[in-house]
Structures are given as structure tokens and as C-alpha cells.
Amino acid sequence: MKKLLNYKLMLVLIGLTFFVSCQHETEEALEDAATNIERVDVKWLAPDDHPVVQLLYSRGYKKGTIYETEEYFLAPPDLFYSKDIKDYDLTDTGADPKQAYNTGALVSLDRMRINVFLDASIGTDLQTQSVNAMNELNGINNCALFFVRVFNANQAQITIRSDFGVEGTNVLGRAGFPSNGRPFNLVTLNVDRIDDFGADIRRNVIIHELGHCVGLRHTNWQANGESGAVNIPGTSAFDSGSIMWSTANGGTPFTNGDLTAFRALFPRALRRDVVNVIDEYDYSGEIYVVDEVFVDVFTDGSYTTSATLNRNVQVNYKKRVQEYNHTSGTYTYYRNRLLSAGSSRYYLDEEEEQCSPYQGETCTYEDVDITYAFSIL
Ligand SMILES: [Zn+2]
């Protein structure tokens, strides 16, 4: 998040009340955290000839603005990019749904449950604000995102940790965009600097960075000179109170435009269901198995409440066949289906397995994976 200059004075005063009351706790937390922080990180200017840096230049970033650490490239104002060119969809033609705040890469609708690990390096106050941030996002009705705090880093899709000294004073948090339908896996917080701001701003910075992790762009991307995105109907690039504005706001996190965007991009959670239909023919021992693949619709990533799909959704999936007998080999087919709004369960495909053990055959293995499911805007 870029420099925080445009928050409203009144909101800051409200924030200050929280700030003062949290001050003591924060100091204690930082003392505790200090015993855990053994790491100091550094950044340096990225080389022009790296393929990812070239790609970032082609997307509008200016030379001399991309930095790197051991693990990531850092681009203005608050973004991480993977150093692995394979994480980028170079065939992206811009046909994916995009909006004022999205980069075309979103978290797939079958991955709406997102586990978040809060590293000790951010201290207890920012852990509390992280939980508050997740609760705000989980509280958006008709939005399927469902963030869950986990206490084992190995179970996390996203880790929130200290920047370990990388950031200057004008960046409070940093995150990246999804790839392959999965959320970006890291949020860093400038723990030395963010402490200067009210509790609501600290929480809102974390919401903003989690927003990047699931695919939201800056609302004011165009004014910032960031690369292209397409507007979501009902949102505005001039919505300066937006949680995804590139400078932080205090107070209530979401504008009506934010709510419209979250609901449009993440309308429902999907889950694959496989129903086995098994037939065994007694006279020959021939085994014939059909697995029917369905997609079930839920209100959110807790997958507890069944719901009707409220927007059209495109599901891209991969059908993988392992054939052992007549034509031995592995075959992969890519398919897509449009799920029209209005049902809670959709037939997707059929997996078929057939073999004759009495003839010494090994059963064919088939599988269907959802690779990407996204809302049609
Ligand atoms: Zn940002």
C-alpha cells in the first residue's frame, strides 16, 4: 500500500482512539516478536534482462522501478511478482473476466476456502487485525470467499509475515496476484511503520493485500499507469474510498463498488462431486465403472450451505486418462463448460473405466480436475 496521505481526518481521530488504547499492547507484541525475528531481508534493483522483468516492462512498469529480494520481484506500489516465468500465463489474450480491480488472474471458484497463517513476526496486534480483516471479508454476503486462520504454516495458502526491513516508510503492506487459480501465497507488513496508523487503517491495509492475493487490482490502476484491466459493471475507477484504492483509507472498509466487485468475481463456491456407478459382469469378470462428475454450489468456501448459482460461471477442466491395455499411454483433454445460473448441482462430465482382469488387463484410470472456474461478468 502506498503512502497514506488521503485518509479523512475524522476517521484518523476515530482511529487514534483505537491506536492509543492499543499502544501498550502493540509495544508488548513487538517486544515478543523481536525475539522471533532473526531475519533481515534486503532488496536490490532487478536486472533488465530477466524474462519476468521483461514481461513486467511490457505490461507498463518503467525501467528502474522493479526491485528484487532473494524470493520475489517487487513492483510499485505494493506488488510482489514470482521470479518463475512459468507462473505467468503468456497466452492470456485479455479475454478473461477483468474489472477495475482485477488483473485477469483470479482465485478459482472451487478454491474459495483460503487458509491463512499469521506469522509471529507481525506481533499480536497485527495478528488481531488480520483476523478482523478476514472477518470483514467473510462478512460480505453473496461473496464466496472464506478465509480461515490456521496455526500450522504447512496448511496455509497465504502467510502474513513481517517485511523484515525490506520496505521504506511509504509502503505499509505488499502482496501479489493469483496464478493457476490459486491465491498468491504471501502478504508482508511493514511492522515498523504500520504502527503509526490507527487500528482501522491497519486492518484495512491487510484487507487490501488479501484483495490482491485473490486477484483484485487497484481501483485507480489507470491513473497510476498500471497495466490494463477491464471494468466490472457497476464499479468506478474514481471510487476513492475503495478498499483497493492504492492509498489507504480508514473507517469502514468497503464501498458499494467494492461489494459489487467481490460479489461479481466470487459469487458462489463450487465443489466437485464424483458419483460411482459400478457394474461387474459375473460371467466374464469384466469390470465397467462409470464415475459421474458433478459440481455442487455453496454460499461460500465453508461448504456448509448449499445454494443456487446466481451468476453464469465458466468451468475449465482437465480430463486425464491413463490407458494400460490396447493403447497404453496417458492422455489429457482440456474441456470447458458454461454453467448457467439457476441450479445448485450441475453435471460436468463422466469418467469411464473398463478392464477385464481375467484377461490380465489393468483397469484404465481416468480423472477429472477443475483447473479454473470463474464468474462471467
Ligand atoms: Zn495495492
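Some notes on this structure:
- Yes/no for Ile140 being assigned to a loop (DSSP other than H, G, I, E, B), within 17 Å of Arg113 (Cα to Cα), in contact (Cβ under 8 Å) with a residue 12 or more places away in the chain and β-branched (Val, Ile, Thr): yes
- Beta carbons closer than 6 Å, at least 6 apart along the sequence or on distinct chains, pair a first residue in the stretch 318-333 that is at positive phi with a second that is at pLDDT below 80 for Gly329/Glu323.
- Flag if Gly168 is under 20 Å from His218 (Cβ atoms), small (Gly, Ala, Ser) and either modelled with pLDDT of 95 or more or within 16 Å of the ligand (Cβ to nearest atom) (or both): yes
- Residue that is surrounded by the fewest Cβ atoms within 10 Å (Cβ to Cβ), among those in the stretch 24-73 that are modelled with pLDDT of 85 or more and among the small types (Gly, Ala, Ser): Gly64
- If you go through the stretch 74-98 and pick out every residue that is at pLDDT below 55 and within 15 Å of the ligand (Cβ to nearest atom), you end up with 0.
- Unmet criterion (only one of (1) away from the ligand (no atom under 16 Å from the Cβ); (2) in a loop (DSSP other than H, G, I, E, B); (3) within 22 Å of Arg161 (Cα to Cα); (4) touching a helix residue (DSSP H, G or I) at 6+ places or on another chain (Cβ under 7 Å)) for Asp200: (2)
- Residue, farthest from Gly301 (Cα to Cα), within the stretch 243-284, restricted to residues that are part of a loop (DSSP other than H, G, I, E, B) and of a type in the set (S, T, N, Q): Ser284
- Per the listing Thr188, Thr235, the residue uniquely assigned to a loop (DSSP other than H, G, I, E, B) and in contact (Cβ under 8 Å) with a residue 24 or more places away in the chain is Thr235.
- Residues of the stretch 300-316 classified as surrounded by 14 or more Cβ atoms within 10 Å (Cβ to Cβ) and either touching a Ser or Thr at 6+ places or on another chain (Cβ under 6 Å) or part of a loop (DSSP other than H, G, I, E, B) (or both), total: 11
- Tabulated pairs, the stretch 345-369, first of a type in the set (Val, Ile, Thr), second outside any strand (DSSP E or B), C-beta under 9 angstrom, 6+ apart or interchain: Thr362/Tyr324; Thr362/Asn325; Thr364/Tyr324; Thr364/Asn325
The values are calculated or read from the model by the stated rules, or taken from the named source; none is laboratory data. Keep in mind it's a predicted model, so treat the numbers as computed, not measured. When we count neighbours, we look across all protein chains shown, and the Cβ atoms used for this are built from the backbone with ideal geometry, even at glycine.
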